[in-house]
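The values are calculated or read from the model by the stated rules, or taken from the named source; none is laboratory data. Source: prediction; values computed, not measured. Neighbour counts run over all protein chains shown; Cβ positions are idealised from the backbone, glycine included.
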Amino acid sequence: MSSVQASRGTRDILKPEIYYWQKLESVARRILTHAVYTEIRTPAFESTELFARGIGEATDIVGKEMYSFIDRGDRSLTLRPEGTAGVVRALIEHKLYAQADVQKLWYTGAMFRYERPQAGRQRQFHQLGVEVLGSADPRADAEVIAIASDFLSELGLTELVVDLNSVGNAEDRLAYRQALVDYFTPYADRLDPDSFDRLSRNPLRILDSKHPQTQEIVQAAPSILDYLSPTSQQHFEQVKSLLTDLGIAFRIDPRLVRGLDYYTHTAFEIKSSQLGAQAAVCGGGCYDRLVAELGGPDTPAVGWAIGLERLVLLLQKLDEVKPPALDFYIISRGEQAEPKSLLVAQNIRRAGFRTELDLSGAKFDKQIKRAVTAGARYAVIIGDTEAASGNFQLKDLASGQQQSVTLLELISIASLT
Ligand code: HAM
């Protein structure tokens, strides 16, 4: 790999794509602020053990995909493959649970997984996530799903579907796991090698195999929904009924198993039919045991994360997102004019106008052409004569009209139009 090429699975986000990112970030901030979720920023790397214990040793993420390294102090560290474990670590470390019974948090940032890159799948990618810690109320599950749904529809994404399942509690899953082992064992020699391996390590993950022959066998596998205890069933029923009341359409998918081991009860994904193989835009669910497993008090929790690259791919299929309109384009040429132009630009900016300062020193007509291409409302033209007199040429680029104005007049004209 050349040193002037981004590493495989990473990429730069340039103009105009960056406008989509800025749009979704501002919509997310607004929606999460209205729902009174607090932003949390956790480190990009944590101890390897946190992820191994949190996400689960038998998962693909921990087994195959982590960027782990030994630092100069001989510690094993890992670039975060997801955000939940770090948030839970912060909750325990800072005893956030003592400040309020329920913590509602959100985060965004880069995550790292050593996966085979393809459209919508990268090695460095970005997530927006929420976590509600301290409530076992099914309303918490429905609230986080509703927030994701509002966020996505506010962005104009309407073709998405919510797939919903319950993976029950630890005891339910133990019984279900045994049922799966009993079911798959007679087919062991027909399973793909990965699924064969999962039969002893993590049989639930076989349900997620993309291998056609394994998929066929999976069709008749037992359903987790038949193994839910009455309490788990009741929780699931309440979540479904709350979502129905909210008008959020969902499909029940008893084969929905998530790639991380910490889930209990509700598990869900929001998918798009326009993303090919990487269809999941959002994934989440409850994780009632994780805080206790990592050394904190018993704290039920629920959350989700949205993959922002996938979201941007979908947004790019909709309307073009443009940068905010440009009010002024400052054009100058000459020894006195050029330093003056910066002063003028700063004054107009302080008055609240979006103002570009041309630094090229090119001829006036060339700079004017650029002002037109940039889509500015006005060009302010400053030559040495204008710099000396303090009267600038203000050109309305739509009408072509030009007048001589002072800085104050220029700002008041722009404010009135
Ligand atoms: P996850 O399903 O592993 O869940 O990831 C959430 C989302 O991140 C996926 O649906 C996908 O959109 C995006 N994503 C994952 N891997 C990649 C990748 N290699 N390239 C691009 N996008 C990707 C979690 O990470 C959990 N922490 C979610 C959660 C929060 N559960 C409870 N709270």
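Things worth noting here:
- Odd one out for E269 among (1) within 16 Å of the ligand (Cβ to nearest atom); (2) surrounded by fewer than 20 Cβ atoms within 10 Å (Cβ to Cβ): (2)
- Scope the stretch 11-40; condition surrounded by fewer than 14 Cβ atoms within 10 Å (Cβ to Cβ), modelled with pLDDT of 95 or more, of a type outside the set (D, E, K, R) and part of a loop (DSSP other than H, G, I, E, B); matching residues: I13, L14, V36
- Output for the stretch 7-28, where each listed residue is free of Cβ contacts under 8 Å to residues at least 12 places away in the same chain, of a type in the set (A, V, I, L, M, F, W, C) and more than 15 Å from the ligand (Cβ to nearest atom): L14, I18
- Given (1) more than 28 Å from A6 (Cα to Cα); (2) not in a loop (DSSP other than H, G, I, E, B), number of the condition E57 does not satisfy: (2)
Listed here are the residues, each with its yes/no results for (1) buried (at least 21 other Cβ atoms within 10 Å of the Cβ); (2) modelled with pLDDT under 95; (3) among the basic types (K, R); (4) within 16 Å of the ligand (Cβ to nearest atom).
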{"site": "T231", "(1), (2), (3), (4)": "no, no, no, no"}
{"site": "I252", "(1), (2), (3), (4)": "no, no, no, no"}
{"site": "R255", "(1), (2), (3), (4)": "no, yes, yes, yes"}
{"site": "Y263", "(1), (2), (3), (4)": "yes, no, no, yes"}
{"site": "A279", "(1), (2), (3), (4)": "no, yes, no, yes"}
{"site": "G285", "(1), (2), (3), (4)": "yes, no, no, yes"}
{"site": "G295", "(1), (2), (3), (4)": "no, no, no, no"}
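- Residue selected from the stretch 346-382 under the condition outside any loop (DSSP other than H, G, I, E, B) and among the basic types (K, R), by the criterion farthest from Q402 (Cα to Cα): R350
- Count of the stretch 372-390 residues which are aliphatic (A, V, I, L, M) and over 18 Å from G334 (Cα atoms): 3
- Check on G247, assigned to a strand (DSSP E or B), without any contact (Cβ under 8 Å) to a residue 40 or more places away in the chain and in the same structural domain as L152 (by TED's automatic domain parsing): no
- Scan of the stretch 145-174 for residues that are over 22 Å from L313 (Cα atoms) and in contact with a Ser or Thr (Cβ under 9 Å, 6 or more places away or on another chain), ordered by number: L164, N165, S166, V167, G168, N169, A170, E171, D172, R173
- Applying the set (1) surrounded by 14 or more Cβ atoms within 10 Å (Cβ to Cβ); (2) modelled with pLDDT under 95 to S412 leaves exactly one unmet item: (1).
- Between L164, L152, the distinction of being over 24 Å from D60 (Cα atoms), among the hydrophobic types (A, V, I, L, M, F, W, C) and at pLDDT 95 or above belongs to L152 only.
- When the stretch 128-161 is filtered for residues that are small (G, A, S), more than 18 Å from the chain's Cα centre (by Cα) and either surrounded by fewer than 22 Cβ atoms within 10 Å (Cβ to Cβ) or within 13 Å of the ligand (Cβ to nearest atom) (or both), the ones remaining, listed by number, are G134, S135, A136, A140.
- Evaluation of S68 against (1) farther than 28 Å from V239 by Cβ; (2) within 12 Å of the ligand (Cβ to nearest atom); (3) in contact with a helix residue (DSSP H, G or I) (Cβ under 8 Å, 6 or more places away or on another chain) (one fails), failing number: (2)
- Lone unmet requirement of (1) in contact (Cβ under 8 Å) with a residue 60 or more places away in the chain; (2) under 18 Å from A44 (Cα atoms); (3) surrounded by 21 or more Cβ atoms within 10 Å (Cβ to Cβ) for G109: (3)
- Residue within the stretch 89-105 that is in contact (Cβ under 8 Å) with a residue 24 or more places away in the chain, part of a strand (DSSP E or B) and within 12 Å of the ligand (Cβ to nearest atom) present: yes
- Checked against the criterion of being within 14 Å of S332 (Cβ to Cβ) and without any contact (Cβ under 8 Å) to a residue 24 or more places away in the chain, the candidates L416, L394 yield just one match: L394.
- Meets criteria (among the small types (G, A, S) and buried (at least 17 other Cβ atoms within 10 Å of the Cβ)) for A6: no
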